[in-house]
Amino acid sequence: MPTRLTPREILEKLVGFPTVSRDTNLPLVDWVEDYLTSHGITAHRWVDPDQPHKAALFAHVGPLQEGAIVLSGHTDVVPVDGQPWTSDPFVLTERDGKLYGRGSTDMKGYDALAIWALVEAQTRGVKRPLQLALSFDEEVGCTGAPPMIQAMQSILPKGSAVIVGEPSMMRAVTGHKGGQGFWVDVWGHEVHSSLLHTGVNAIMEAAKVIDWTNTVNAQERARTPSDVAAMFDPPWTTLHVGLIEGGTAANITAKHCRFDLGFRTVPDDDPDDWRARIDAKLAEVEAAMQAVHPDARIEIARRFSLPGLHPEDNGEAEALVRAITGDNAGHVVSYGTEAGQFQDAGYSAVVCGPGDIAQAHQPDEFITLAQFAAGQDFMARLVTRLQEGQ
Ligand SMILES: [Zn+2]
């Protein structure tokens, strides 16, 4: 008889793998694959050819037919560098009714429950299939999920409803903002700062673009939001600059300045329109730079693009989560998840997972025993429904 682990024992294992996004997740993937295999479940990998030290893992339990419920989680976690932790972040530690560890909430708690549910479904036998999808690189722009989804669709019968287990306190989250992020490189022309009218200062030109984002944010804030946008906090699309570097010396007009520029769109704003607005602003600033020196220029390169999750009309995933949890309120969030990517790929999708997003990425990240138990209860009810063919 293969060893059956409890959700907590699985979580202990998962937290023990330091799968920070920049590092390998293969030891975790190996362990999950071995565990599933020991229960007669075939797991499949998608290895990123550009980063062969990372892989996604997916599996199918139940009749080999379309219409599975898909449990989707990410395996990577954010770094712990510089954070004051009371106990080892990679050792699951219980204190005061809470389980501490990096990823306990975001989102190895859900991963552990999903792995448990898959084995539960295999053991109990189900009339409707259940799938597991574990991605990587979620915390660095959700770049691992799209190729994983493609690979899943070519190997497994297509699932119909996806539950993405980002921490939502087990509430059904039916919408989230989309987002795109870019590197902007401003190339100026160096002269002594006493002659700055003959040079192009990349920092000062970048500042024009950055200050424009403040203006745009104020304009967006002043607009009357649509019904869908009004569900979000804040109920408008936001532009943000989070990183900047540049310059050589205090008395040289800066040759180069790089900053990141990102936006988070409410679902009825078109990201392409936002990209066009940014491009138009960059072109305007660049034209003024080139009027001083022809070599000056601005380059923009996309870092990531994440579709928003649009609330569905009578969505299957939402109805399923509501039927199990009894939660009938509408919830949307302003952070991005892989749910929008699944929805883009033709699935009904909802976000629902144990734990509070407020604990995510924090030092001393924890999940309460109560939330973890609520997650297990959810999974047990889900498997019962699948047994009944619902
Ligand atoms: Zn997450």
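Listed here are the strands (runs of 3 or more DSSP E) enclosed by region 88-168 that have at least 2 residues being touching a helix residue (DSSP H, G or I) at 6+ places or on another chain (Cβ under 9 Å) and within 16 Å of the ligand (Cβ to nearest atom): 130-135, 161-164.
The residues of region 1-38 that are surrounded by 16 or more Cβ atoms within 10 Å (Cβ to Cβ) and either acidic (Asp, Glu) or in contact with a Pro (Cβ under 7 Å, 6 or more places away or on another chain) (or both), listed by number, are 12, 17, 20, 33.
In region 39-54, the residue that is nearest to the ligand (Cβ to nearest atom) out of those that are assigned to a strand (DSSP E or B) and farther than 22 Å from residue 382 by Cα is 46.
Among the residues here, residue 213 does not qualify as hydroxyl-bearing (Ser, Thr, Tyr) and either within 16 Å of the ligand (Cβ to nearest atom) or closer than 23 Å to residue 319 by Cβ (or both). Considering the conditions (1) away from the ligand (no atom under 15 Å from the Cβ); (2) in contact (Cβ under 8 Å) with a residue 60 or more places away in the chain, residue 354 is excluded by exactly one of them, (1). What about residue 366, is it aromatic (Phe, Trp, Tyr), open to solvent by less than 50 Å² (accessible area, probe 1.4 Å) and out of contact with any strand residue (DSSP E or B) (no Cβ under 6 Å at 6 or more places or on another chain)? For residue 366, the condition - aromatic (Phe, Trp, Tyr), open to solvent by less than 50 Å² (accessible area, probe 1.4 Å) and out of contact with any strand residue (DSSP E or B) (no Cβ under 6 Å at 6 or more places or on another chain) - is not met.
From the list 240, 256, the one residue that fits, being buried (at least 16 other Cβ atoms within 10 Å of the Cβ) and not aliphatic (A, V, I, L, M), is 256.
Checked against the criterion of being buried (at least 18 other Cβ atoms within 10 Å of the Cβ) and touching a residue at least 12 places away in the same chain (Cβ under 8 Å), the candidates 299, 318 yield just one match: 318. Which one is farthest from residue 334 (Cα to Cα) among residues in region 176-229 that are of a type in the set (Asp, Glu) and assigned to a loop (DSSP other than H, G, I, E, B)? So, considering only residues that are of a type in the set (Asp, Glu) and assigned to a loop (DSSP other than H, G, I, E, B), the one farthest from residue 334 (Cα to Cα) is 190.
Test residue 329 against the stated conditions and say whether it is closer than 30 Å to residue 269 by Cα and open to solvent by less than 10 Å² (accessible area, probe 1.4 Å). No, not satisfied.
Picking from residues in region 55-79 that are open to solvent by 10 Å² or more (accessible area, probe 1.4 Å) and within 16 Å of the ligand (Cβ to nearest atom), the one that is nearest to residue 118 (Cα to Cα) is 78. A search for C-beta distances below 7 Å between a residue of region 61-81 that is outside the structural domain of residue 337 (by TED's automatic domain parsing) and any residue that is open to solvent by less than 30 Å² (accessible area, probe 1.4 Å), counting only pairs 6+ apart in sequence or on different chains, returns nothing.
Condition check: more than 25 Å from the chain's Cα centre (by Cα) and farther than 30 Å from residue 383 by Cβ. Does residue 282 satisfy that? In short, yes. The single residue among 276, 230, 317, 249 that is modelled with pLDDT of 95 or more, among the small types (Gly, Ala, Ser) and more than 28 Å from residue 137 (Cβ to Cβ) turns out to be 249. When region 153-172 is filtered for residues that are surrounded by fewer than 20 Cβ atoms within 10 Å (Cβ to Cβ) and within 14 Å of the chain's Cα centre (by Cα), nothing remains. Just to be sure, is residue 150 open to solvent by 10 Å² or more (accessible area, probe 1.4 Å), closer than 16 Å to residue 339 by Cα, of a type outside the set (A, V, I, L, M) and modelled with pLDDT of 95 or more? For residue 150, the condition - open to solvent by 10 Å² or more (accessible area, probe 1.4 Å), closer than 16 Å to residue 339 by Cα, of a type outside the set (A, V, I, L, M) and modelled with pLDDT of 95 or more - is met. In region 1-29, the residues that are without any contact (Cβ under 8 Å) to a residue 60 or more places away in the chain reach residues that are of a type in the set (S, T, N, Q) with C-beta atoms within less than 7 angstrom, at least six apart or across chains, in these pairs: 2/38; 28/19; 28/75. All conditions in (1) open to solvent by 10 Å² or more (accessible area, probe 1.4 Å); (2) of a type in the set (A, V, I, L, M, F, W, C); (3) touching a strand residue (DSSP E or B) at 6+ places or on another chain (Cβ under 6 Å); (4) away from the ligand (no atom under 16 Å from the Cβ) hold for residue 306, with the sole exception of (4). None of 179, 188, 175 is within 16 Å of the ligand (Cβ to nearest atom), touching a residue at least 40 places away in the same chain (Cβ under 8 Å) and surrounded by 17 or more Cβ atoms within 10 Å (Cβ to Cβ) except 179.
The values are calculated or read from the model by the stated rules, or taken from the named source; none is laboratory data. Fair warning: this is a prediction, and the values are worked out from it, not measured in the lab. Note that each Cβ is placed from the backbone with ideal geometry, even for glycine, and that neighbours are counted across all protein chains shown. Quick note on the areas: whole protein, heavy atoms, side chains included, nothing else; ligands and nucleic acids left out. Shrake-Rupley method; radii C 1.70, N 1.55, O 1.52, S 1.80 Å.
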